[in-house]
Every structure is written in structure tokens, then in C-alpha cells.
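Asker: Let me give you the structure first, and then I'll get to my questions.
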Amino acid sequence: MEQTKNITDKDIQSLVGNLLRAGVYLSMAIVVLGGIIYLLDHSAEKIDYAVFDFNKVSLKTVEAIFSEVLTFKGAAVVQFGLLMLIFTPIARVLMAVISFFVEKDYLYVLIGLIVLSIIMVSLSGGFAH
Amino acid sequence: MSVLVFTLIVLVGAFLAGFLGSLTGLGGGVIIIPLLTLGLGVDIHYAIGASIISVIATSTGSAAAYVKEGLTNMRIGMFLEIATTVGAILGAVIAVYLNAGYVAVIFGCILIFSSLMTLKKKVDHSTLEYTSKGARFFKLNGSYPVKGVETPYAVKNVAGGFFMMLFAGTLSGLLGIGSGALKVIAMDNIMRLPFKVSTTTSNFMMGVTAAASAVVYLHRGQIDPGIAMPVCIGVLIGATVGAKVLVRAKTDKLKIVFAVVVTILAVQMIYKGLSGGF
């Protein structure tokens, strides 16, 4: 019994480690790509970051970023990459929930689902205003 | 300043922040925020948004390596993430209503505290007294490899650790930093974990915590692609190089020099915050 449990734990940890690394590399590659497009289009413009303006950044929601990314504008591609980066640790929680489920550790399935639902409520914009 | 010049300066600055943050154990976020605000005149709201993104990138990147080594206690991480994510969202929401000057003052204080913590010699408080009912109920007691031998450890004061994590999460969300120093206090001093386990588990949780507050910042328009892009690229590359150098370098003197520099920055943040400069 104990032996099989150890093996599952190790397998899960290795899988989680790979997922995290792949997520970071992929999202950073997208950010770099978006950054290059952004610089090609805007490099000569003047920056304006001295005063925070709520309306300055237009890509503020998951829906907006997903619908704009295919225009291949630099800012949209960067935001898409950043969103992927934000999703990476969230996907990690989801994977952990699944692996706890496989291990029949239902207490930790519940704990993981609580963490996920906290983030999901936040993702739906519930706390932003 | 043109977009190109700004991007290049931030890239270099973020690289240095990531590099020094990883060498000293302070983290990149606490350095990039003073650089952006004091150095380049960027509004602190944008600086915090960009910083929290870099926290996700660096902590997730290094967590990948730690998880594989079997040092991370996934159950402790998961359990305490309830506290840190609730705290992170709370902090990010408080930041909306709090005057930017106060945010800068709190930031300066945490900066001084964190840099002092990097100077303190780490003491292993781990224990084998399996007395905590909470630890047994939540199955938090574990084991980790020490020179190839699985060594068990017991976890204490689960409630105390949980509340300290709530506080650490709130500061993380409020200031856009990883607040690693506070997390280590919760796990080392309160819950009595061996510090290899606490460092890696806290790193593992940092990404999820930062993601929770990043989402709030995204909706608030604080994550500007023009700033977040060079910040996260620079910090991640800097931290990766730093981690490679760290294996070979003696960092004691560097830590002292760095603590002094960081304290000067912190005092400037506090002064500017109090005098209404933000």
C-alpha cells in the first residue's frame, strides 16, 4: 500500500514540475513575440506612465484579451502571454486536485477546489470594483 | 522618454533586480518597484501590476525544479494557499481604496524588514513532536530527502501559521511582491518546518498567490503591457542567471551591501510617500 502511494506522489510531482516549466516558457515566448511587435509599432512614441489612468489599458478582461489577440497587435499578444503566465499556477492547482482525486484524498480535493473557486470568483471580476 | 529607450532601461534594470533578488534571497519584486517609481517616475499602481507578474514568472520557474526534488510539501502548500489567496485578493482590493502614499510607506517598511531578514542567520526549528491535532487532521506531517535519506518532520501550530499566511498574502496583494520573508516566518518559526521544505513550499505557493492578486490588478487596468513586458522578461532572465551563479558564489558580503542599498531605497519610498510624492 505504502509503496504504491509513494510512486504516485513522485510521478505527480514530476508531472507538476514539467507543467510549470512548460507554462512559463510558452507564455514568456509569447510575451517576447508580442514585445517585438509592440516595439516595431510604437518604439518612437513617448511614454506616459506618470499618472495611473484606469481607462488607459483597454485589455483588462479574459474575454477582451482573447478576442483581440488574433489581431496580432503587440499589446494584445503581450497581454495574452501574461494571461497564460497567470493561468500556469492556476492550472497547477487544478492538476493537484485531479491527482488528489486519483489518490482518493478527498479532503485535499475539497481544499484544492476551495482555492480554485477563490481564484475563479476573482477572475470573473467580482473583486475589481 | 521614448518607448524604445524606456523598454531598454527597464529590461536592464529588471535583469539586475532579478539577478540580485535571486542572489540575496530578497526576490525581484521588492527591487523593481523602487526602480520604476523612484528611478523612472512610473505611477506606483503600474509598478505593482508589473511586479506581481514578475513574481509569478520567477516563482513558477524555480518551483518547477524544487517540486521534482521532492522537497515541496504539496499538502501544506495547498492548505495554506486558502489563506494566501484570500489574503492576496483582500490586499489587491484594499490597494484600490488606499492612498498611493500609504502604499509606498507600507512598502518601504516591508522592504527594510525583508532586507534585515536576509541578513539573519537561518536556524532550523524542525521537530519530531507529533503533537498538533491540526497537522494530523490535515495530513501535513511529512518527510524530505536529506543526502538521499528520507527524513521525517512534524508540523506545529497550524492555526498560527494559517493566520500569518493570511497576513503574508494580504501584503503580497497590496504591494505586488512575493512576501517570501513573511511566508518563511510562518513556516519556519511558527509551524516549525525544516527550512529546505519551507523555502521551497513557500516558493511553490507564491505563484498561485500572485496569480490571485494579478487577476484583480488585470481587471483594474494596472497591468500595462508596455511595462509588464520588459519587467517580466528582465526579472526572469536575471533570476535564472542568479540561481546559476548562487551555487558557486559567496553571498554574505553581497547581502550586507545589498541590505544597505535596499534600506536607502526604502527610506526614500517612505519619505516620498509621507510628503505626498505619489
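The values are calculated or read from the model by the stated rules, or taken from the named source; none is laboratory data. All values reported here derive from a predicted model rather than from experimental measurement. No Cβ is skipped: glycine too gets one built from the backbone with ideal geometry, and neighbour counts run over all protein chains shown.
Asker: Confirm whether B:E81 is more than 8 Å from chain A (Cβ to nearest Cβ) and among the charged types (D, E, K, R).
Answerer: Considered against the rule, which asks whether it is more than 8 Å from chain A (Cβ to nearest Cβ) and among the charged types (D, E, K, R), B:E81 comes out as no.
Asker: Could you list, in sequence order, all residues of region B:44-75 that are among the polar types (S, T, N, Q) and either in contact with a Lys or Arg (Cβ under 9 Å, 6 or more places away or on another chain) or over 19 Å from B:S143 (Cβ atoms) (or both)?
Answerer: Hits for region B:44-75 are B:S51, B:S54, B:T58, B:S59, B:T60, B:S62.
Asker: Given the conditions (1) under 23 Å from A:I36 (Cα atoms); (2) not in a loop (DSSP other than H, G, I, E, B), report the number of the one that B:V42 does not fulfil.
Answerer: Failed condition: (2).
Asker: So, one more: Within region A:95-114, how many residues are of a type in the set (A, V, I, L, M), under 30 Å from B:A228 (Cβ atoms) and at the interface with chain B (Cβ under 10 Å from one of its Cβ atoms)?
Answerer: Step one: filter region A:95-114 for residues of a type in the set (A, V, I, L, M), giving A:95-98, A:102, A:107, A:109-111, A:113-114.
Still in the list and also under 30 Å from B:A228 (Cβ atoms): A:95-97, A:113-114.
Imposing the further condition that a residue be at the interface with chain B (Cβ under 10 Å from one of its Cβ atoms) reduces the set to A:96-97, A:114.
The qualifying residues number 3.
Asker: Also, I was wondering about something else. Within region B:112-134, which residues are within 17 Å of B:N73 (Cα to Cα) and touching a residue at least 40 places away in the same chain (Cβ under 8 Å)?
Answerer: B:D124, B:H125, B:S126, B:T127
Asker: Still on this structure, please answer the following. Out of the residues in region A:63-94 that are part of a helix (DSSP H, G or I) and of a type in the set (D, E, K, R), which is nearest to the other protein chains (Cβ to nearest Cβ)?
Answerer: Only one residue tops the list, namely A:R92.
Asker: If you don't mind, another one. Collect the residues in region A:116-125 that are under 17 Å from B:M205 (Cβ atoms) and modelled with pLDDT under 90, keeping them in residue-number order.
Answerer: Of everything in region A:116-125, just one residue is under 17 Å from B:M205 (Cβ atoms) and modelled with pLDDT under 90, namely A:S122.
Asker: Name every residue in region B:58-103 that is under 19 Å from B:N157 (Cβ atoms) and among the acidic types (D, E), in order of residue number.
Answerer: Result: B:E81, single match.
Asker: While we're looking at this one, here's another question. Considering each residue of region B:140-168, count those that are under 15 Å from B:I76 (Cα atoms), modelled with pLDDT of 90 or more and either in contact with a helix residue (DSSP H, G or I) (Cβ under 6 Å, 6 or more places away or on another chain) or of a type in the set (D, E) (or both), and give that number.
Answerer: Count: 11.
Asker: I'd like the full set of residues that are facing chain A (nearest Cβ under 9 Å) and under 18 Å from B:T7 (Cα atoms), limited to region B:53-76.
Answerer: Once the filter is applied, which keeps residues that are facing chain A (nearest Cβ under 9 Å) and under 18 Å from B:T7 (Cα atoms), region B:53-76 yields only B:I53.
Asker: Something else: What number of residues in region A:23-47 are in a helix (DSSP H, G or I), of a type outside the set (V, I, T) and either facing chain B (nearest Cβ under 9 Å) or more than 30 Å from B:G70 (Cβ to Cβ) (or both)?
Answerer: Adding up the residues that qualify gives 12.
Asker: Evaluate the following for B:S198: is it away from chain A (no Cβ under 14 Å), buried (at least 24 other Cβ atoms within 10 Å of the Cβ) and under 30 Å from B:G142 (Cβ atoms)?
Answerer: Criteria met by B:S198.
Asker: While we're on this one: Residue by residue through region B:13-43, note down the ones that are over 30 Å from B:G142 (Cβ atoms), more than 9 Å from chain A (Cβ to nearest Cβ) and among the hydrophobic types (A, V, I, L, M, F, W, C).
Answerer: Filtering region B:13-43 for residues over 30 Å from B:G142 (Cβ atoms) gives B:13-20, B:31-43.
With more than 9 Å from chain A (Cβ to nearest Cβ) added as a condition, the list becomes B:13-20, B:31-35, B:37-39.
Answer for region B:13-43, where residues must be over 30 Å from B:G142 (Cβ atoms), more than 9 Å from chain A (Cβ to nearest Cβ) and among the hydrophobic types (A, V, I, L, M, F, W, C): B:A14, B:F15, B:L16, B:A17, B:F19, B:L20, B:I31, B:I32, B:I33, B:L35, B:L38.
Asker: Still on this structure, I have one more. Taking B:A104 as the residue in question, decide whether it is of a type outside the set (K, R), more than 10 Å from chain A (Cβ to nearest Cβ), closer than 28 Å to B:V257 by Cβ and touching a Lys or Arg at 6+ places or on another chain (Cβ under 7 Å).
Answerer: Taking the combined requirement at face value, the residue satisfies it.
Asker: Scanning region B:15-33 for residues that are part of a helix (DSSP H, G or I) and out of contact with any Ser or Thr (no Cβ under 7 Å at 6 or more places or on another chain), which turns out surrounded by the fewest Cβ atoms within 10 Å (Cβ to Cβ)? Break it down into steps so the answer makes sense when it comes.
Answerer: First, pick out the residues of region B:15-33 that are part of a helix (DSSP H, G or I): B:15-24, B:29-33.
Checking the rest, the ones that are also out of contact with any Ser or Thr (no Cβ under 7 Å at 6 or more places or on another chain) come to B:15-17, B:19-22, B:31.
Numbers: B:F15: 21, B:L16: 18, B:A17: 30, B:F19: 23, B:L20: 22, B:G21: 27, B:S22: 23, B:I31: 28.
Ranking the qualifying residues of region B:15-33, first place goes to B:L16.
Asker: Here's something else I'd like to know. From the list A:L113, A:L82, pick out the single residue that is at negative phi, buried (at least 21 other Cβ atoms within 10 Å of the Cβ) and modelled with pLDDT of 90 or more.
Answerer: One residue alone meets the criteria, A:L82.
Asker: Tell me, please, whether a residue that is of a type outside the set (V, I, T), over 21 Å from B:I82 (Cα atoms) and in a helix (DSSP H, G or I) can be found in region A:105-114.
Answerer: No - not one qualifying residue is present in region A:105-114.
Asker: Now a separate question. Within region B:206-255, count every residue that is part of a loop (DSSP other than H, G, I, E, B), among the polar types (S, T, N, Q) and at the interface with chain A (Cβ under 10 Å from one of its Cβ atoms).
Answerer: Result for region B:206-255: 1.
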